[in-house]
Amino acid sequence: MTIHAPKLLTPEEFASLIEVAIAAPDPEVPPAHLSKLVALGYVVGTPKGPRVTGDGLILITESE
């Protein structure tokens, strides 16, 4: 069975997710993008800055 999830991120927000993944601990992403990524569970805030979660990594790898 195939499950189709709605597209939750714009291309710009997805680019911000990748930026968090490769530029930690100081990614340069718009605050609105970071807030949405955190709310969706793709990024978590840590004392050392934002980090991509397992779900965020899955989203990145599934898009390749």
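Selection of the stretch 18-51 for residues being assigned to a strand (DSSP E or B) and either touching a strand residue (DSSP E or B) at 6+ places or on another chain (Cβ under 6 Å) or in contact (Cβ under 8 Å) with a residue 60 or more places away in the chain (or both) yields V43, V44, P50, R51.
Can you pull out every residue in the stretch 24-43 that is at pLDDT below 90 and either within 15 Å of L59 (Cβ to Cβ) or among the hydrophobic types (A, V, I, L, M, F, W, C) (or both)? Passing the criteria: only A24.
The values are calculated or read from the model by the stated rules, or taken from the named source; none is laboratory data. Everything quoted here is computed from the prediction, not taken from an experiment. Ideal geometry is used to build each Cβ from the backbone, glycine not excepted, and the neighbour counts take in all protein chains shown.
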